[in-house]
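Take a look at the structure below.
The values are calculated or read from the model by the stated rules, or taken from the named source; none is laboratory data. The structure presented is a predicted model; accordingly, all values stated were derived computationally and were not measured. Every residue, glycine among them, receives a Cβ derived from its backbone with ideal geometry; neighbour counts consider all protein chains shown.
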Amino acid sequence: MRFLAIPVLLISFINPAPAAVVYSESSNGPLSSLGTSPTQIPLNLGANSIVSTFGGSTQFDYFSFTLATGQSLNSFRLDSYVSTDAVAWLGIKRGADWTIGYETAQMIAQQHFGTANIGSDILGISTSSPLVAGTYTVRSQQLGATANYQVTLNVIPEPSALSLLLLSLGALSLRRRH
């Protein structure tokens, strides 16, 4: 029975429980509108949601996060988008600030997003193309109408760390059987 608990625990890191809101402008205040000093958002293992409003006079949101050694980000999902303007824009780059303007060659990825993307992983981040340990900065913008959006970033142990853990647990269970 206890051997069944280990795979269930490990699967929970890959397919996380409902997201915890790690940053909400309604309780934490607005995200930074300055690329040189983005809001630092600590992420935990599992699903981390960020809820924001931008557009109108606050056209940009900047936030950064750091993945520790042994962690990776395997999804960047758009959970909701509400606006009279159907599309906004989002980009991500490596580093602790955003000083590159619209230089797409310096971005890891960039994408227009909106109602058509709700429920989808955006920015090309996926289990087959995760972000690895390091600091990253995100810029989102809505130059037109005000928009409300929520994204969820899923942090998991890096596949190599997960493999080592599984191998260790397997060896331990074999040792106990003998």
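Applying the condition of being modelled with pLDDT under 95 and not in a strand (DSSP E or B) to the stretch 46-83 and asking which residue is nearest to residue 24 (Cα to Cα) yields 59.
Considering (1) in contact with a strand residue (DSSP E or B) (Cβ under 9 Å, 6 or more places away or on another chain); (2) of a type outside the set (Gly, Ala, Ser); (3) at pLDDT 95 or above, the lone condition that residue 162 does not fulfil carries the number (3).
For the stretch 74-103, what are the residues that are surrounded by fewer than 16 Cβ atoms within 10 Å (Cβ to Cβ), farther than 21 Å from residue 32 by Cα and either in contact with a Lys or Arg (Cβ under 7 Å, 6 or more places away or on another chain) or not acidic (Asp, Glu) (or both)? Result: 84, 86. Filter the stretch 23-65 down to the residues that are within 19 Å of residue 94 (Cβ to Cβ) and among the β-branched types (Val, Ile, Thr), then identify the one that is surrounded by the fewest Cβ atoms within 10 Å (Cβ to Cβ). The qualifying residue surrounded by the fewest Cβ atoms within 10 Å (Cβ to Cβ) is 36. Taking first residues from the stretch 92-104 that are among the small types (Gly, Ala, Ser) and partners that are surrounded by 16 or more Cβ atoms within 10 Å (Cβ to Cβ), the Cβ contacts under 7 Å between residues at least 6 apart in sequence or on separate chains come to 95/137; 96/64; 96/137. Give the residue that is nearest to the chain's Cα centre (by Cα), with candidates limited to residues of the stretch 68-97 that are within 25 Å of residue 45 (Cα to Cα) and of a type in the set (Phe, Trp, Tyr). The extreme case among them is 76. Going by the structure shown, is residue 43 within 11 Å of residue 155 (Cα to Cα), among the aliphatic types (A, V, I, L, M) and in a loop (DSSP other than H, G, I, E, B)? When the stated conditions are applied, residue 43 passes them.
Hey, can you tell me all the residues within the stretch 113-145 that are assigned to a loop (DSSP other than H, G, I, E, B), of a type in the set (S, T, N, Q) and modelled with pLDDT of 95 or more? Of everything in the stretch 113-145, just one residue is assigned to a loop (DSSP other than H, G, I, E, B), of a type in the set (S, T, N, Q) and modelled with pLDDT of 95 or more, namely 120.
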